[in-house]
1. Restricting attention to region 141-166, and to residues there that are farther than 14 Å from VAL33 by Cβ and among the basic types (Lys, Arg), which single residue is surrounded by the fewest Cβ atoms within 10 Å (Cβ to Cβ)?
2. I'd like to know if region 96-111 contains one or more residues that are assigned to a strand (DSSP E or B), modelled with pLDDT under 95 and in contact with a Ser or Thr (Cβ under 9 Å, 6 or more places away or on another chain).
3. Name the strands (runs of 3 or more DSSP E) wholly inside region 148-252 in which the number of residues that are closer than 30 Å to GLY273 by Cβ is 2 or more.
4. Inside region 128-140, can you point out the residues that are surrounded by fewer than 19 Cβ atoms within 10 Å (Cβ to Cβ), in contact (Cβ under 8 Å) with a residue 24 or more places away in the chain and of a type in the set (A, V, I, L, M, F, W, C)?
5. Looking at region 302-321, which of its residues are touching a residue at least 40 places away in the same chain (Cβ under 8 Å), closer than 23 Å to TYR264 by Cα and surrounded by fewer than 19 Cβ atoms within 10 Å (Cβ to Cβ)?
6. How many residues are surrounded by fewer than 19 Cβ atoms within 10 Å (Cβ to Cβ) and touching a helix residue (DSSP H, G or I) at 6+ places or on another chain (Cβ under 9 Å) when one looks only at region 117-127?
7. Give me a count of the residues in region 53-63 that are under 11 Å from ALA105 (Cβ atoms) and crowded, with 21+ Cβ neighbours inside 10 Å.
Amino acid sequence: MSVSRQTVDHLVIGGGLAGSMVAIRLAAAGRDVMLLEKERSAHHKVCGEFLSYEAVEYLNAVGVNPLNFGAATIRSVRLCSKNKVAEAALPFAAFSLSRRALDAAMMTHAVESGCNVQRGVLVDSLKLHGDVWIAQLLNGESLHARSVFLATGKHDLRGWARGHGIQGNLIGFKLHWQLEPVQTNALRESIDLFLFRGGYGGLSLVEGNVANLCLVVLPSALRRAGGWTELLTSIVEDNRMLRQRLHGANALWKRPLAVFSIPYGYLVEDDSGLWRVGDQAAVIPSFTGDGMSIALHSGMLAADMYLSGASAQEYHRRLHTQLRRNMSVATLLSRVMVSSIGRTVAPLYLSFFPNAMRWIAATTRIPVHA
């Protein structure tokens, strides 16, 4: 689809959670907003798909209720290392919903809010000329905008790369499964976290009783295993809980989704005037941090600060201040979990897991004052 208009006040590049949140807030305030999304339809993404209490609050604030789309409830967390398992109740009720379903709901709401959403449009380059942003599209057209919100997720726009982060050497994998009925019921209202040599991951139900398996792994561990199939086999053989869950299960895709060089620990520092949101502003490690909540928070904060007359640099500074403690703790936990030390102390950690879980949940969430 080509873009019919050549000038817009506010341009949002990327239609994930953060981009849609910006578009919804600006359009609801009566602003002229165009959102460009390169994919023609909603699609799956590498994501743990965990919606914390804060994430649900942000969604409800813009009229998107996860339960209306079949979100699964999560009330507890189980952690497994080899044959040992520990369980703890979450300090809040959480949900799990596939990114395909949630992104589609947010994009639909952006349209209903008055945003001009264009799918199948890829921005090839972006530059600032005076006080006007010029987005060059892959179809040969160009678009001029007064302000630009960059929400391309884990994928950088050419010429606007982020930093490497603190822990930028992990590979992320995601695969949906249909479990045996007995294992589906065993997993219900819980998320299973598991540690293995060189990585960690999680398994939880999303809508339709589908199980989302998502993990991060060091490249050396993947090379040592010999590939995805061999890696998964070794993880399953090494982990009693995951072995039970996947017994008799059917993978719903031929191959997993994958993403490489995730810049975990990255926090935005950009004084160009470009508004970065979502993973373009902050990338917190999966399962040790609350990535979907941060995406929604950054989108809402950026839109609201823009509407109040603040600059992009002021927004970036505030977001950096709000998230730096959470990011430091979550990244430290992630680095420990993929290290040999993590495997060594895992049995001790499991014995203190219930108390540790409460501390982690409180420490890595978005601060209340934010």
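1. ARG158
2. Taking every residue of region 96-111 in turn, none turns out to be assigned to a strand (DSSP E or B), modelled with pLDDT under 95 and in contact with a Ser or Thr (Cβ under 9 Å, 6 or more places away or on another chain).
3. On the way: elements: 167-178, 189-196, 199-205, 211-217.
So the answer is 167-178.
4. Going through region 128-140, the residues surrounded by fewer than 19 Cβ atoms within 10 Å (Cβ to Cβ) turn out to be 128-132, 134, 136-140.
From what's left, in contact (Cβ under 8 Å) with a residue 24 or more places away in the chain: 128, 137, 139.
Residues satisfying the conditions are LEU128, LEU137.
5. Correct list: GLN313, HIS320.
6. Of the residues in that region, 1 qualify.
7. Kept after step one, since they are under 11 Å from ALA105 (Cβ atoms), are these residues of region 53-63: 59, 62-63.
Now drop any that are not crowded, with 21+ Cβ neighbours inside 10 Å, which leaves 59.
Within region 53-63, residues that are under 11 Å from ALA105 (Cβ atoms) and crowded, with 21+ Cβ neighbours inside 10 Å number 1.
Rundown of residues vs (1) touching a Lys or Arg at 6+ places or on another chain (Cβ under 7 Å); (2) among the hydrophobic types (A, V, I, L, M, F, W, C); (3) within 17 Å of PHE260 (Cβ to Cβ); (4) surrounded by fewer than 17 Cβ atoms within 10 Å (Cβ to Cβ), yes/no style:
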residue	(1), (2), (3), (4)
ASP192	yes, no, no, no
GLY199	no, no, yes, no
SER204	no, no, no, no
LEU215	no, yes, yes, no
ALA221	yes, yes, yes, no
THR229	no, no, no, yes
THR233	no, no, no, yes
VAL236	yes, yes, no, no
LEU242	no, yes, no, no
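The values are calculated or read from the model by the stated rules, or taken from the named source; none is laboratory data. None of the values given here were measured: they were computed from a predicted structure. Methodologically, a virtual Cβ is constructed for each residue, glycine included, from the backbone with ideal geometry; neighbour enumeration extends over all protein chains shown.
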